[in-house]
Amino acid sequence: MMKRKPLQSVRCLSCELSCELFPDAAVRAQYCQRAAFAVWPEGNCFLKKGVIEKLLLNNQNHLSHGFIFIDFSFPNLRLFIDPQWVDRLTHSGMHIVLISDRTLTPLANYWLSKSNKIQGVIYSDDDDDVQHQKIRRLFRGQLVNSKRGRSLNYTEMILLERFISGRSIQQITRMDDIDIKRIYVYKLRLEDKLGLRIHKILSNIL
């Protein structure tokens, strides 16, 4: 069974104080008059800089709640096969927006269709005008949940979780009582949608 890591903290990027918003909100953050914004998980300084400069400085949030922009990229894949990651972040009280890279677009679309807690997705091939249009709509309380591209289905999502958990095809057939030929069919469809072979995915995230 895959061991889940504790949820990483969510920190505000509205100013240089970088107050923690979740899971333990800093006292000063509770009284701050600025709208709170965050990038989760932390670590991608280029995405953080891009969110601040391209999206936040040029658009005004008209809502009382802030936004968590999710770095929905391949290096963070393990986080997004956890079935409860969206629900955990929802407890922060902030709106959730995915910023998806090309590889994980089918997985982003899966989560968008599965959870009504996700306000929308900014795709890797959205140009600057489309990005700003989406942000303006989000900051007015509108959804930007029109899917683009392919989407994983539930079976493909479960299969991906099994592989990343270290299960072999033989183990999966016993666990889920699925014929081995069908497993191979699902595996091929999953690889086709992600554009990567399973062994390539595993070798890059282990």
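Determine the relative contact order of the chain: mean sequence separation of Cα pairs under 8 Å and six or more apart, normalised by residue count, in whole percent. Walk me through the intermediate numbers first.
Numbers: 270 pairs, mean separation 34.6, N = 206.
The value is 17 percent.
Computed over protein heavy atoms with a 1.4 Å probe, the accessible surface of region 46-162 works out to 47 Å² per residue. For the chain: lysine pairs with Cα atoms under 20 Å, gap of 8 or more or different chains, count? Step by step, the pairs that qualify in the chain add up to 11.
Modelled this way, with points 7 Å down the Cα-to-C-beta line, the labels at N153 and I180 are 2.4 nm from one another. All Cα-Cα distances of region 89-150, cut into 5 Å bins from zero to the largest, leave 4, 19, 30, 26, 17, 5, 0 percent in each bin in turn.
When Rg and Dmax are taken over the Cα atoms of region 138-206, they come to 15.2, 50 Å. A simple rule links phi to the HN-Hα coupling: the Karplus curve 6.51 cos²θ - 1.76 cosθ + 1.60 with θ = phi - 60°, which for region 156-168 gives 5, 5, 5, 5, 4, 4, 4, 4, 5, 6, x, 7, 8 Hz, with x for Gly and Pro.
Rg over Rh for region 39-151 works out to 0.92, both radii taken from alpha-carbon positions and Rh defined as the Kirkwood radius.
Give me the percent of accessible area attributable to carbon and sulfur for the chain, probe 1.4 angstrom.
Of all accessible area on the chain, carbon and sulfur atoms account for 49 percent.
How many percent of Cα pairs in region 77-121 exceed 13 Å? In whole percent, the share of Cα-Cα pairs in region 77-121 beyond 13 Å is 53.
Most simply put, the chain has about 10% antiparallel DSSP beta bridges, counting only bridges with both residues inside it.
The values are calculated or read from the model by the stated rules, or taken from the named source; none is laboratory data. Predicted, not measured: the structure shown is a model, and the values here were computed from it. All Cβ positions, even for glycine, are placed from backbone atoms using ideal geometry, and neighbour counts span all protein chains on display. The accessibility values were calculated without ligands, DNA or RNA, using every heavy atom of the protein model including side chains. Shrake-Rupley method; radii C 1.70, N 1.55, O 1.52, S 1.80 Å.
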